[in-house]
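Worksheet: the structure to be examined is printed underneath.
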Number of protein chains: 2
Amino acid sequence: MKAAGIIVEYNPFHYGHLHHLNETKRQSKSNVIVAVMSGPFLQRGEPALVDKWTRTKIALTQGVDIVVELPYAFATQKAETFATGAVALLNELKVNTICFGSESGDISAFEEMVERRRIHEDTFNTVVKETVALGKSYPQAIAAAWQAISQSSTPIDLTKPNNILGYHYVEAIHHLQSEMLAMTIQRRGADYHDQTIADHHFASATSIRNTLFHNEEDNLFEKLNQVMPAGSLHYINQYRELYGLWHHWDDYYPLLKYKLMTTATDQLKDIYECEEGLEHRLVQSDQSSSSFTGFIDDVNTKRYTKTRLQRLFAHIITNAGKKVMKKADPSNPPYIRLLGMSKQGQQYISTIKKQVNIPLVTNTPSFSHPLLDLDLTAQHVYRWPAFIVNSQHAPNDEHKRYPLRYDEKTGTFQ
Amino acid sequence: MKAAGIIVEYNPFHYGHLHHLNETKRQSKSNVIVAVMSGPFLQRGEPALVDKWTRTKIALTQGVDIVVELPYAFATQKAETFATGAVALLNELKVNTICFGSESGDISAFEEMVERRRIHEDTFNTVVKETVALGKSYPQAIAAAWQAISQSSTPIDLTKPNNILGYHYVEAIHHLQSEMLAMTIQRRGADYHDQTIADHHFASATSIRNTLFHNEEDNLFEKLNQVMPAGSLHYINQYRELYGLWHHWDDYYPLLKYKLMTTATDQLKDIYECEEGLEHRLVQSDQSSSSFTGFIDDVNTKRYTKTRLQRLFAHIITNAGKKVMKKADPSNPPYIRLLGMSKQGQQYISTIKKQVNIPLVTNTPSFSHPLLDLDLTAQHVYRWPAFIVNSQHAPNDEHKRYPLRYDEKTGTFQ
C-alpha cells in the first residue's frame, strides 16, 4: 500500500479540496490518503464552522482514508509550527509523499526557497528581529527578511497563505530529515482571500463562510451547491439542524468577555502568546463592544495582526497556558489521535502499526498527556455555544468519543 | 439626627420588609435608616433576582435613607462573617441601634445565648470540630455544639435562619465592643422557608421567588400585588423589561460549566472554600446535567449543604481566590461603598463624615482595594446573563456608576 499525506482544515470542504484530494491520489499514485486535520480551533485562531467529527465524516465520504487530529498546541499557531507539527505526524504515519496545494504548482521553487533561507539563516533571523523591534508585525518582518536575502524577486509569492504553508511543509521535511517526497498541486480558481463566491465551481473557503453567515436563507443552498460537493453540504446542514449553529467567533465572545472580566493581569500573563504587555491592553480595553468583530477592531494595532489576536483569544478561552504550550515541540508530537478511518485506512494502519513510535490514541482515557488534555478542553470549549443554544447539548463528552469507522464499499458508518 | 441600622438583601422587597422598616423607625425613634445590603450575590450563594441598583431604588422609595453595599467578601459567607461585616459597617456609620427581624422578637433571649456561648466557648468549639470530623455538615455541627452547652432547650430556635443571623448580629456588637443597641422585631406571618405564598399579606421571599419563576404570567402580578408594595413590584418588573430576565443560578450554569471544563484542579484549589478535595469531586463530576439544579443535586453530599456549595460556585464564577478572601477581615471593613441616599440620608452623612475612619466610596476609580475589585468583578459577572439575552447590555460598566440620589419630598431620583 502506498500512502500520501495531506494537511487540511476543511472549513468547509469544497470542490477545490476535492480537486486536491483526487489529484493527490492520481499524481502520487497512492491508494491511501492520510489527512492531518486541525481540530476545533484553526490555524488563523478561528473556531471551525462545524466540529471535527463532522469534518472527519465529510473527509471520509469524499475519499480520505485516515483522519488524524493536529493537536491544538500545533494547530492554532503560526505557519511554521502548524506545518512542522503536521509534517511530523505524517512522517510518523509513514506516508511516501506529502502533497499540498499552492498558487504556483512548482515544487522546485519551494525547494529553492528553503535552500536559500538555509544558506542565509543568520541574515534572515537578524532582519526579522530588527523589523519586529521597529514595531512591525511578524508577517511584515518575514517579508522584509525574504527581501533581504533575495537578489531580485522570490520564485514564489510568500504573501499568499498557501505558499507560506507550502514553504514550511518543505522546510519541515528537511528539518525532520524525512524521506517523504514533497509534491504540490496548483490551486484552481479562487484566491484564498476572496470574500465572495465568483467562480461557479471553485470558490475560496472564506467566500463560502461569508455566504453561509450572511446570505439569505432562500437561495443559500442553491449557491453552495455550485461550489461544494452535495455530501459536504449535507453534513454541514445536518450539523446546524442538530446543534442550532455554525460556529463563529461571535459565539465565543461572551466567554472571552467573561475571562477578561474575571482574570487579573498577572493571571492573564500565564496565557500563551500574551506577551509585551498585551494583558494590560486587553484588561484596560473598554470591552463595551457588543460583538467580537467590534472588540477585535478596538484592540487591533499595527503591531498585531488580526490572526495573532484571534489565536491569543483562542488561548484565553481554552486556558492554554505558557507552561504547556511552550513545552510542546512540533517536531516531536507525543501521540497520534485518530478521528476516523475507512476500511482501506484501517488496513493501512495495521500494516504500519509496529513502526509507529508514538501512541495511536483511539480511546482518550487510555492515554494521558498535557497536550491531549488541552485537545479535550479545546473541544469542550468549542462546543459550549451549542449548550447555550440548547442546554441538552452537554459540551463535555469528548472523552467518550471513538474514531469514526467508514465502510467505503457500502458508504456507511459503523 | 438619630440613625437605626438594618441589614437586608431585599430579594425581593415585600410587605414583611416594609413592616420591619416601619417598626424600626417607630420603635427605635430614629429619623434616619441606614441599610447594609448584599450586592449581586447573596448570603446563600445565590444571585439576587434584580441588581443591587434596582434593589437600592426600591429601598429608597420605601423609606430607607442610606444604602451601602456589604462587600462580596463578607456577603457570600456563613452567617458569622456576613453578620460581623454588616455590623462593623453600621458601627462605622455611627448608627445608634441595630434592628433585626426574628421569629422570637425577644432581644434578651439573644443576649442570653451570646453570653452562654462566651462562657462555654472552648466546649462549643470542640464539639463543632469533632462533629465536622464525623462527616456532618457545619450547620449540624453548630446545632450539636449548642445542645452540648445547653442544659435543656435554648431560648431561641437556632435552626431558623433569621435567628442565626440575629444571634450573630448581637455577638458582633459585643465582639466589636460597640455601643450600638440591639433590637429585634418579631417577623409577621410567613416562615422563611415557606415555598408558596400562603398568607394574603405576609409571604416569605422564598415563596415570592418561586412564584416569580414558576407562576403562569397571566395572574402573576395579581398574586404578587397582595404581598409586595406596588413600588417594589414596579421596579422588579421594569428590570425584567429592560434586561430580559430575573437572575437565577440557571443563568450562570454555562459559566460554571465553562470554568470547570477549563480549570485544572490545582487552579481550582486557589478558589476560596474549595477545600478537602472538593476540586477533584467537581472536575470529575460528569457535568452532563443540563441545568444547575440537576448539577448541584449530583455534587451534593451529606457533608456539604446546598448553601455551602452555592457559595463555592459563586466564588468559582467570580474567581474569588483564597488569597484575597482569607485576608478579608469582617471586623475591619476597608471601605464603605455608597449605593444610594435620600436627602435625609445625605444630610446624615455630612454630619457624621468626619468621624468615619474608612473611605466612603462614591466613585470607584477614586479608591482601590482588592475587595472593591472583587465587588466590581462580582457585579460584572452578575450582569453577564443579560449580555447573553441581548448583546447590547455590556456587563462591565460598574466602574462608571455613582450612588443614586433620591428626593423623598418629590419622590424622584436625581
Review point. In terms of Cα to Cα distance under 14 Å, which aspartates and glutamates are near enough to residue A:353, apart from those fewer than 8 places away along the same chain?
Key: A:92
**Study point:** residue B:404 long-range amide H proximity, modeled H, under 5 Å
**Key:** B:340, B:341
**Study point:** Distant-in-sequence amide H partners of residue B:321 (H built 1.01 Å from N, under 5 Å)
**Key:** B:272
Review point. For chain B, modelled as a Gaussian network with Cα springs under 10 Å, which listed residue fluctuates most, B:45, B:135, B:345?
Key: B:135
Point to revise | In sequence order, calculated HN-Hα J values of the stretch A:352-363 (Karplus, 6.51, -1.76, 1.60; Hz; x Gly/Pro) | key: 9, 2, 5, 8, 7, 8, 10, x, 8, 8, 10, 9
Review point. Based on the inverse mean of 1/r over its pairs of different Cα atoms, what is the Kirkwood hydrodynamic radius of the protein assembly as shown, in Å?
Key: 30.1 Å
Point to revise | Listed residues B:345, B:56, A:368: farthest to the positive end of the dipole of the protein assembly as shown (Cβ charges) | key: A:368
Revision key, fill the gap. One finds, for residue B:388 and residue A:329 with R0 = 41 angstrom and r their Cβ-Cβ distance, a FRET efficiency to the nearest 0.05 of 0.55
Study note, to complete from the structure: Largest fluctuation, A:155, A:229, A:47 only, Gaussian network model of chain A with Cα springs under 10 angstrom, belongs to A:155
Study note, to complete from the structure: In the protein assembly as shown the DSSP beta bridges are antiparallel at a rate, in percent to nearest 5, of 25 percent
Review point. Using a Gaussian network for chain B with springs between C-alpha atoms less than 10 Å apart, which of these wobbles most: B:327, B:354, B:129?
Key: B:354
Practice item. Name the residues whose placed amide hydrogens come within less than 5 Å of the amide hydrogen of residue A:181, ignoring near sequence neighbours (fewer than 5 apart) on the same chain. Key: A:97, A:98
**Study point:** Point-charge dipole on Cβ atoms (K/R +1, D/E -1) for chain A, about Cα centre, debye to 20
**Key:** 920 debye
**Study point:** Approximate shape of chain A as ellipsoid semi-axes (Cα gyration tensor, √5λ), whole Å, largest first
**Key:** 29, 28, 23
Check your understanding: What are the aspartates and glutamates whose alpha-carbon lies under 17 Å from the alpha-carbon of residue B:343, with same-chain residues fewer than 8 places away excluded?
Key -> B:65, B:407, B:408
Review point. Are there GluC sites (Glu not before Pro) in the stretch B:145-253 that DSSP marks as loop and that have at most 14 other Cβ atoms within 10 Å, and which are they?
Key: B:179, B:216, B:217
Study note, to complete from the structure: Pseudo-spin-label distance residue B:397 to residue B:129, built 7 Å along Cα→Cβ, given in nm, is 5.2 nm
Review point. Taking only C-alpha pairs under 8 Å that are 6+ residues apart, what is the relative contact order of the stretch B:249-327 in percent?
Key: 43 percent
Point to revise | Label point distance in nm, residue B:281-residue B:210, each placed 7 Å from Cα along Cα→Cβ | key: 2.6 nm
Exercise for review: Can you tell me the FRET efficiency between residue B:298 and residue B:29 if r is taken as the Cβ-Cβ distance and R0 is 30 Å, rounded to the nearest 0.05?
Suggested key: 0.05
Exercise for review: Take the Cα atoms of the stretch A:254-327, build their convex hull, and give its volume per residue in Å³.
Suggested key: 84 Å³
Study note, to complete from the structure: CD proxy, 222 nm, chain B: helix-only mean residue ellipticity via -39,500 (n - 2.57) per DSSP H run with n ≥ 4, per residue, nearest 500, stands at -15000 deg cm²/dmol
Point to revise | Nearest-20 debye value, the stretch A:254-327 charge dipole, Cβ charges on Lys, Arg, Asp, Glu | key: 340 debye
Practice item. With θ set to phi - 60°, apply the Karplus curve 6.51 cos²θ - 1.76 cosθ + 1.60 along the stretch B:272-285 and write out the HN-Hα couplings as whole Hz, x wherever there is a Gly or Pro. Key: 4, 6, 8, 10, 6, x, 4, 4, 5, 4, 6, 6, 7, 4
Check your understanding: Taking a 32 Å limit on the Cα-Cα distance, which of the listed pairs A:259/B:136; B:322/B:400; B:223/B:306; A:306/A:400; B:29/B:323 fall beyond it?
Key -> A:259/B:136; A:306/A:400; B:29/B:323
Point to revise | For the stretch A:77-91, Karplus couplings with θ = phi - 60° (6.51, -1.76, 1.60), whole Hz, Gly/Pro x | key: 8, 4, 3, 4, 5, 4, 5, 5, x, 5, 5, 4, 5, 5, 4
Check your understanding: Got a sec? Which residues in the stretch A:389-408 would a label at residue A:346 touch, if it sits 7 Å along Cα→Cβ and we count backbone N under 12 Å?
Key -> A:403-408
Review point. Extent of the stretch B:1-129 along each principal axis, from alpha carbon coordinates, in Å, largest to smallest?
Key: 47, 33, 27
**Study point:** Given charges at Cβ of Lys, Arg, Asp, Glu: chain B dipole, positive-most of B:249, B:208, B:232
**Key:** B:232
Study note, to complete from the structure: per DSSP, antiparallel bridges as share of beta bridges in chain B, % nearest 5, sits at 25 percent
Study note, to complete from the structure: With the charge dipole of the stretch A:289-414 built from beta-carbon charges (+1 for Lys and Arg, -1 for Asp and Glu) about the Cα centre, the Cα from A:386, A:296, A:406 projecting farthest to the positive end belongs to A:296
Revision key, fill the gap. Going through A:129/A:302; B:94/B:354; A:2/A:94; B:78/B:257 one by one, the pairs whose alpha carbons sit over 18 Å apart turn out to be B:78/B:257
Exercise for review: Wrap a convex hull around the Cα atoms of the stretch A:106-239, take a quarter of its surface area, and give that in square nanometres.
Suggested key: 11.3 nm²
Exercise for review: Report, in debye and to the nearest 20, how large the dipole of the protein assembly as shown comes out about its Cα centre when Lys and Arg carry +1 and Asp and Glu carry -1 on their Cβ.
Suggested key: 780 debye
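Throughout, read-outs are computed from the coordinates displayed, never taken from laboratory work. All values derive from a computational prediction rather than experimental measurement. Note that each Cβ is placed from the backbone with ideal geometry, even for glycine, and that neighbours are counted across all protein chains shown.
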